[in-house]
Amino acid sequence: MKTTERGIRYISLIDEGADFNIPVMVKKAKTAYKTFNFKDKIEILIFFSDRKDFSHTIFTEYGVIDDEFDGKKAIHHPFGVKSIIGIEVSEENTVPLIAYALGQAIEHFKQNLDIQRHAEWNELNKSESYLCWQTFFCQVHSATIRRMDGEADAFLRSLPFVLAKKEQSFSELYIDGTFRHLVHALSELYVLKLAGEEEKVEDHLQMVRDLTDDSFVEVYQDLFDELAAYMKGVGSKYNEVHELELFSTLETRKKQLDAMYM
């Protein structure tokens, strides 16, 4: 058992070397969250190359059952008010994955505050609208780290392929996955906008206009504005509860998009 420079405990299930320095990688990932203190929010970080090793470790050490076949590379398990986090190590994506999972730990912490304040939260915290917000929140911070290495628009670049098949993508069968893809893309757009990359932002919006229509563009822009405003407000206050109105707004936007191409 080792700790990072800020006292976050971690286990490495692979050999550490000069090219894989966990404290340095965690420190870089944490820069996306400025000065937030994760020490009392995270039970353990576990780094692995084989998911089975992670699953075995958390079951042996904590009695937590892991779905080792879910395909995720950044894994978050609630553990009381804290979080157990697993990170699959790769040459390029490890630090952004850490940043993403740290976001999940913050959201888990906020959920515990929400449970105390909102009676509705027991149903809301498993809803698709909440999962979309969590995706946006975590992906913004992951994309912030990826942008340091010049790569922060993977979902923006893949979005045209989704929009080219609108009738299928926004059908009832696929709308959940498509909406999540939009949220991923908007998180990258948010990071580009924060960085002052206005030309890239406008190029993206023009692509959306070319592949859709005015009604879609209006909803897409509204969705971005709502997520961005929430991110700058409640989303940046890591120790405060959520405002529930956001989640009903997200559900409304998804229904609007679903109805456009029926």
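The values are calculated or read from the model by the stated rules, or taken from the named source; none is laboratory data. None of these values were measured; they are calculated from a predicted model. We place every Cβ from the backbone using ideal geometry, glycine too, and count neighbours over all the protein chains shown. We work out accessible area using only protein heavy atoms, side chains counted, and drop any ligands, DNA or RNA first. Shrake-Rupley method; radii C 1.70, N 1.55, O 1.52, S 1.80 Å.
A Cα-only calculation for region 1-113 places Rg and Dmax at 13.0, 40 Å.
If you take every residue apart from His204 with its C-beta less than 12 Å away from the C-beta of His204, what net charge results, scoring Lys and Arg +1 and Asp and Glu -1? It works out to a net charge of -4. Between Ala164 and Lys193, the C-beta separation translates, for a Förster distance of 25 Å, into a calculated FRET efficiency of about 0.55. The convex hull around the C-alpha trace of region 88-169, projected and averaged over every direction, spans 7.2 square nanometres. Within region 92-139, all pairs of alpha-carbon atoms sorted by distance into 10 Å bins from zero give the percentages 26, 48, 20, 5, 0. Using the alpha-carbon positions of region 126-210, Rg (one decimal) and Dmax (whole number) come out as 13.1, 37 Å. Counting only residues at least eight positions apart within a chain, or on another chain, the lysines with an alpha carbon under 23 Å from that of Lys72 are Lys27, Lys28, Lys30, Lys41, Lys52, Lys82, Lys110, Lys126. Scanning the chain for DSSP H helices at least 24 Å long along the axis (C-alpha atoms) with a Kyte-Doolittle mean no lower than 0.0 picks out 94-117, 175-194. For the chain, the Stokes-Einstein estimate of translational diffusion at 25 °C and a viscosity of 0.890 mPa s comes to 127 µm²/s, using the Kirkwood hydrodynamic radius over alpha-carbon pairs. Once the Cβ-Cβ distance of Lys72 and Lys52 is raised to the sixth power relative to R0 = 22 Å, the FRET efficiency obtained is 0.95.
First select every other residue whose beta carbon is under 10 angstrom from the beta carbon of Arg9; then total the charges, Lys and Arg +1, Asp and Glu -1. Taking every other residue near Arg9 into account, the sum is +1.
Taking all Cα pairs closer than 8 Å and separated by 6 or more residues, the relative contact order of the chain comes to 16 percent. Projected label points at Ile65 and Glu251, each 7 Å from Cα along the beta carbon direction, are separated by 2.9 nanometres.
Radius of gyration over Kirkwood radius for region 112-155, both on Cα atoms: the Rg/Rh ratio is 1.19. When you restrict to C-alpha pairs under 8 Å that are six or more residues apart and normalise by the size of region 72-134, the relative contact order lands at 27 percent. Annotation: extensible slack from Arg209 through Thr35 equals 58.8 nm (criterion: 0.36 nm per residue apart, minus Cα-Cα distance). Remark: the Glu240-Thr3 segment gains 82.6 nm on full extension, using 0.36 nm per residue and subtracting the alpha carbon distance. Computed from the Cα positions only, the extents of region 60-99 along the three principal axes stand at 31, 23, 15 Å, in decreasing order. Using bins 10 angstrom wide from zero, how does P(r) for region 81-225 break down, in % of all Cα pairs? Bins of 10 Å from zero give 11, 36, 34, 18, 2 percent of pairs.
Heavy atoms of the protein chains alone define the surface here; on that basis the chain has 50 Å² accessible area per residue at 1.4 Å probe size. DSSP beta bridges confined to the chain are antiparallel in about 50 percent of cases.
Compute log10 of I(q)/I(0) for region 211-259 with the Debye formula, placing one identical point scatterer on every Cα and leaving out solvent, at q = 0.14, 0.15, 0.28 Å⁻¹, to two decimals. The calculated log intensity ratios at q = 0.14, 0.15, 0.28 Å⁻¹ are -0.40, -0.45, -1.06.
Share of pairwise Cα-Cα distances greater than 18 Å in region 131-179 is 44 percent (whole percent).
When only alpha carbons of region 143-262 are considered, Rg and Dmax amount to 14.5, 41 Å.
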